[in-house]
Amino acid sequence: MNPSVAAPATPDAGTTLPAAVAEPVPQSDGLRPWVAGLVLAVFLAGFALPYVVTNDFYLGLAVEGVIFGLLALSIGWLLRQTGLVSFGHAAYFGTAAYVVAVASTRWQWPIAASVAAGLLASVVLAGLVGLLIVRVPGISFAMLTLAVGQALYVIITKLRDQTGGFDGLPLRFEGTVAGWERVELGEPAVFWPVVWVALGSVMVGLWALSRTHYGRLLAAIRENEVRARYCGFRTYLPRVAAFTLSGAISGLGGLLFIIHNSFVSPETVFWTTSGNALVMALVGGVASVAGPPLGAVLFFFGRDEFSAGTDRWQLVLGSVLIALVIFAPGGLASLAARTASAVGRRFERSRHGRA
Amino acid sequence: MAVLEARGLTCAYGGVRALDRLDLVVEAGLVHGLIGPNGAGKSTCMEALSGGVRPSEGVVLLDGEDVTRRSVRWRRHAGLSRSFQRTSIFPALTVHDQLDLAARRAGETDLDTIVALLSLEAFLDERCADIAYGDQRRVDIALALLGRPRVLLLDEPTAGLSVEESLVLGDHVAALAKEREVTVLLVEHDLDVVFRVCDVLTVLHLGRLLAHGDPLAVRADPRVVEAYLGSAA
């Protein structure tokens, strides 16, 4: 046997992160009071949207934007905290949606049990996939997530008896969800508060989590996994947990999607859904929890706006993405934060100048 | 008393033996220098002792216990810590956040003393990526010092520093070895630092032990002069 040693562990081993991730890691300090007040005001004002936007079509776009904003947020948070780029998160989104539809429509489970099963299925799938692939570095990880997503797509199209194959599957259930009939849940004005609360809760939860010991540990592992091990940390399980949490948030998005639309098709788990969500996250910016949902809402409104005039609307999307990567690599949320910071500094200077 | 020991340590990369049946005994409470020309096997030795690579042959003993197959993490909790030849920190975290994070893991209760010992007070709220290289080196050492390790492996801590910075850092090393009662194995090319702080020296050449003993005796050894020191002696 040829004696040899394992490859030396270099302290800077790992992947080079995209510029969008190379942002300051959340510090352990709290939120400034005026920022907290502004966030709370925006959140409360959001409930008034159905009274301001009375057109069901546009309100529906906003609801879709928020639902897919959860998917984009799950991808963006994973990227920001761990440096892992997923091209397959639609798998967990679609798994939740399909399990709810199959359990309720095919097996006649109560809707509450179907919803619980849907969320559980996405968590279990994400956990199992995470256990298998989070050790794999860089682009290989991204390709594996893509492979898992596409494998699920094929399984769904083949299980025609259960999933309806390429025809998709409608959601049918007896009774109500939180007092609403199925038809009512499809109305944007009724469903808006539900998605708004879900998004707000997830954003606050992820923001807080990023500032905990666990959040900083994830960032440390992302920055220098070898050093983290030499500091005595486990580096595998924390990333598996982050991947699973991210999958669960995607699953939550999938639940809201099926409850609102009452229909799911294989397109939901196709790689383009994952790719679009990644684009939404990058356009909005992953450095902030507000970025990916912002990118998702703009994506839906932009698609509606530009696809009305051309069937090549992706050209516009691609141009916007290129411009953002060049001129604002941190995404729109980062651009907004930098602008606000510059305005603040100018205001301070002019105030001192007058004094 | 030996706190860290290598017996017949061999690390081979294909046909190349970076370490060849090395026997090394690091006595408790000393600053032990490990020197030699480039390619002598110093960094490989540090990797094998700390668990970064698994040796082809031989064993590593920590306090007499065979730790050859133990993980990096296990050895860290057992009291064996290290810094790196290339600065190894968490660039996007502030100095405070990364020290605090690592201190909690290591059970360090006296972070302020380490911060003061390495003169890091002024940079605590700075992102590590934004501070000077010499300061990053000290953060690297601070990370290794947390939790009162019994053995500290320092791999070229003065690499990239000016002469003045190197001597200051050398003094830091000597001071912390004394104050924290930590045994130090120091790989270093800066001979001024080596002869200033080391209590005992081992010289490697082509993966083998060339000389070992008191620094003054090692410096006068003709084999060491020929293989490494040359006119520097």
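Structure values in brief
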quantity: Cut-off of 10 Å, at most 14 other beta carbons, DSSP loop: longest stretch of chain A lacking such chymotrypsin sites (Phe, Trp or Tyr not before Pro); calculated: A:108-355
quantity: Inter-chain Cβ neighbour average for residues B:91-103, partner chain, 10 Å; calculated: 5
quantity: Longest DSSP-loop-exposure-free segment, GluC sites (Glu not before Pro), chain A, at most 14 other Cβ within 10 Å; calculated: A:182-355
quantity: Å³ per residue enclosed by the Cα convex hull of the protein assembly as shown; calculated: 201 Å³
quantity: Carbon + sulfur, % of accessible area of the protein assembly as shown - ligands and nucleic acids excluded, 1.4 Å; calculated: 60 percent
quantity: Long-range amide H partners of A:Val177 with built H, under 5 Å; calculated: none
quantity: Centre separation in Å (Cα based) which lies between segment B:22-43 and segment B:154-214; calculated: 9 Å
quantity: Cut-off under 5 Å, modelled amide H: who pairs with B:Leu209 long-range; calculated: B:Asp23
quantity: Cα gyration tensor category, rounded, prolate or oblate, for segment B:14-53 with a/c compared to 1.5; calculated: prolate
quantity: Among A:Leu206, A:Leu218, A:Leu128: highest mean-square fluctuation, GNM of chain A, C-alpha pairs under 10 Å; calculated: A:Leu128
quantity: Placed amide H near B:Val200: partners under 5 Å, 5+ positions off or other chain; calculated: B:Val31, B:Gly33
quantity: Helix-only mean residue ellipticity at 222 nm for chain B, each DSSP H run of n ≥ 4 adding -39500 (n - 2.57), per residue, nearest 500; calculated: -9500 deg cm²/dmol
quantity: Within a Gaussian network of chain A (alpha carbon springs, distance under 10 Å), most fluctuating of A:Ser341, A:Ser274, A:Ser307; calculated: A:Ser341
quantity: Whole-Hz couplings from phi, Karplus 6.51/-1.76/1.60, listed for segment B:193-205; x for Gly and Pro; calculated: 5, 4, 6, 7, 10, 7, 8, 8, 10, 10, 10, 9, 8
quantity: Karplus 3J(HN,Hα) series, Hz, for segment A:46-61 with 6.51 cos²θ - 1.76 cosθ + 1.60 (x for Gly, Pro); calculated: x, 5, 7, 3, x, 7, 8, 9, 8, 6, 4, 5, 5, 5, x, 4
quantity: Computed E for B:Met1/A:Val124 - FRET, C-beta separation, R0 56 angstrom, nearest 0.05; calculated: 0.60
quantity: Segment A:178-188 - phi-based ³J(HN,Hα) in whole Hz, Karplus 6.51/-1.76/1.60, Gly and Pro as x; calculated: 6, x, 9, 6, 4, 5, 5, 5, x, 7, x
quantity: Share antiparallel - DSSP beta bridges, the protein assembly as shown, percent rounded to 5; calculated: 60 percent
quantity: Estimated inter-spin distance, A:Trp34 and A:Leu237, nm [label 7 Å along Cα→Cβ]; calculated: 4.4 nm
quantity: Accessible-area value, B:Ile114, 1.4 Å probe, nucleic acids and ligands omitted, Å²; calculated: 0 Å²
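The values are calculated or read from the model by the stated rules, or taken from the named source; none is laboratory data. These numbers were taken from a predicted model, which means no experiment stands behind them. When we count neighbours, we look across all protein chains shown, and the Cβ atoms used for this are built from the backbone with ideal geometry, even at glycine. Note: areas computed on protein heavy atoms with side chains; ligands, DNA, RNA excluded. Shrake-Rupley method; radii C 1.70, N 1.55, O 1.52, S 1.80 Å.
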